[in-house]
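The values are calculated or read from the model by the stated rules, or taken from the named source; none is laboratory data. The structure displayed is predicted, hence computed values, not measured ones. Using ideal geometry, Cβ is built from the backbone for each residue, glycine included, and neighbour counts are taken over all protein chains shown.
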There are 2 protein chains.
Amino acid sequence: MNIPQPLNPQVLDSVTQTFKALADNTRAQIIYLLTQQEMNVNALCEAVGVSQPTVSHHLAKLHSIRLVKRRREGTQIFYSVDDSHVGNLFKEALWHLDHVRKNIPDFQFDHEV
Amino acid sequence: MNIPQPLNPQVLDSVTQTFKALADNTRAQIIYLLTQQEMNVNALCEAVGVSQPTVSHHLAKLHSIRLVKRRREGTQIFYSVDDSHVGNLFKEALWHLDHVRKNIPDFQFDHEV
DNA sequence: TTTGTATATTGACACGTATAAATATTTAAA
DNA sequence: TTTAAATATTTATACGTGTCAATATACAAA
């Protein structure tokens with residue numbers, strides 16, 4: 001029985017960083033909203049319900065690993081997801097949860113998206 | 001300009017929990033190995049390079065949210081990924097990183113998987 | 001330049017969690 | 001029942017990070 005080769009450390013780090021970016025309620029909500037349409041910082045603050053510095057802090061992190069891109073328009077800055085894989089990541093997660101819910105009836109998962 | 005409706009809190013929590021499970025080098029490596037083939041705890045310890053209690057701790061977490069399933073064979077317990085979406089999540093993350101690498105040449109990402 | 005608005009950065013704090021050592025549990029074999 | 005091997009649990013510790021308040025910066029209008 002041969003053991004499969006582990007993922008090389010640098011790729012592993014990159015993958016983990018990507019998942020870390022989505023592993024927080026605030027950032028996940030931000031990303032979800034941005035998969036729907038581009039939004040500026042203030043709109044995100046109201047929609048997500050956290051302070052402006054907190055939203056900016058998260059956006060900086062998301063932008064540093066290229067999960068979102070930005071576009072200036074006067075004093076405002078509009079953010080949007082950087083590529084389609086970001087939305088796909090979300091979809092796969094939701095599908096997994098759907099799989100779990102179907103196979104384990106009393107799993108805590110409220111099903112309206 | 002209408003603001004999209006945020007993801008409902010319970011679904012958001014579930015999604016975030018799923019990403020949290022992959023947002024750690026040790027767990028991500030474990031999941032990656034298990035997408036290749038089922039393995040027992042000891043084999044995972046050696047392959048990942050952390051202590052047995054640590055591996056068991058992570059496996060318990062991964063199992064609690066149904067990312068992995070287990071099968072007993074004598075004194076050993078073999079773990080494997082619970083459904084195909086788990087592997088797909090990984091693939092989407094790698095594709096995103098590939099997209100980043102292509103569009104931003106000097107992005108720190110070593111490209112052999 | 002001055003004023004106002006939008007966004008970014010800094011600093012401090014509280015909380016979650018990854019880790020290993022020690023211990024407990026489970027199972028099979030003697 | 002005793003012994004050994006595999007896995008799980010408990011405990012304590014150290015580190016990372018999400019949050020907001022205060023402040024700084026960028027831009028546009030007057």
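All conditions in (1) more than 8 Å from every other protein chain (Cβ to nearest Cβ); (2) part of a helix (DSSP H, G or I); (3) of a type outside the set (A, V, I, L, M) hold for A:W95, with the sole exception of (1). For region A:20-35, the candidate set comprises residues that are within 8 Å of the chain's Cα centre (by Cα) and more than 11 Å from DNA strand C (Cβ to nearest atom); within that set, the residue that is farthest from B:Q10 (Cα to Cα) is A:A21. There is no residue in region A:39-52 that is away from every other protein chain (no Cβ under 11 Å), assigned to a helix (DSSP H, G or I) and either modelled with pLDDT under 95 or within 22 Å of B:H96 (Cβ to Cβ) (or both). When A:T35 is tested against (1) within 10 Å of another protein chain (Cβ to nearest Cβ); (2) assigned to a helix (DSSP H, G or I); (3) out of contact with any Gly (no Cβ under 6 Å at 6 or more places or on another chain), exactly one condition is not met: (3).
When region A:27-58 is filtered for residues that are away from DNA strand D (no atom under 13 Å from the Cβ) and charged (D, E, K, R), only A:E38 remains.
Quick check on B:E38: is it buried (at least 17 other Cβ atoms within 10 Å of the Cβ) and either over 17 Å from A:D13 (Cβ atoms) or among the charged types (D, E, K, R) (or both)?
Working: buried (at least 17 other Cβ atoms within 10 Å of the Cβ): no; either over 17 Å from A:D13 (Cβ atoms) or among the charged types (D, E, K, R) (or both): yes.
So B:E38 does not fit the description; no.
Scan region B:65-79 residue by residue and report those that are of a type in the set (S, T, N, Q) and within 12 Å of another protein chain (Cβ to nearest Cβ). Residue satisfying the conditions is B:Q76 alone. A count restricted to region B:23-32 and to residues that are within 7 Å of chain A (Cβ to nearest Cβ) and out of contact with any Leu (no Cβ under 7 Å at 6 or more places or on another chain) stands at 2.
Could you tell me whether any residue of region B:61-72 is within 16 Å of DNA strand D (Cβ to nearest atom), at pLDDT 95 or above, of a type in the set (S, T, N, Q) and over 22 Å from A:V100 (Cβ atoms)? Looking through region B:61-72, none of the residues is within 16 Å of DNA strand D (Cβ to nearest atom), at pLDDT 95 or above, of a type in the set (S, T, N, Q) and over 22 Å from A:V100 (Cβ atoms).
Say we look at region A:73-85 and pick out the residues that are within 11 Å of DNA strand D (Cβ to nearest atom) and either assigned to a loop (DSSP other than H, G, I, E, B) or not aliphatic (A, V, I, L, M) (or both); which of these is farthest from B:N8 (Cα to Cα)? It would help to see each step written out before you state the result.
Applying the first criterion (within 11 Å of DNA strand D (Cβ to nearest atom)) to region A:73-85 yields A:73-77.
From what is left, the residues that are either assigned to a loop (DSSP other than H, G, I, E, B) or not aliphatic (A, V, I, L, M) (or both) are A:73-76.
Values: A:E73: 30, A:G74: 32, A:T75: 31, A:Q76: 27 Å.
Looking at the filtered set, the residue picked out is A:G74.
For region B:73-85, the set of residues classified as under 24 Å from A:F90 (Cα atoms) and either modelled with pLDDT of 90 or more or loosely packed, with under 14 Cβ neighbours inside 10 Å (or both) consists of B:S80, B:V81, B:D82, B:S84, listed by residue number. A single entry from B:L89, B:L67 fulfils the requirement of being touching a residue at least 60 places away in the same chain (Cβ under 8 Å), more than 12 Å from DNA strand C (Cβ to nearest atom), closer than 30 Å to A:S80 by Cβ and surrounded by 14 or more Cβ atoms within 10 Å (Cβ to Cβ): B:L89. Of everything listed in (1) farther than 20 Å from B:Q5 by Cα; (2) more than 9 Å from chain B (Cβ to nearest Cβ); (3) not in a helix (DSSP H, G or I), the single unmet condition for A:L62 is (3). Annotation note: of B:R101, B:R27, the sole residue that is at pLDDT below 90, part of a helix (DSSP H, G or I), among the charged types (D, E, K, R) and surrounded by 15 or more Cβ atoms within 10 Å (Cβ to Cβ) is B:R101.
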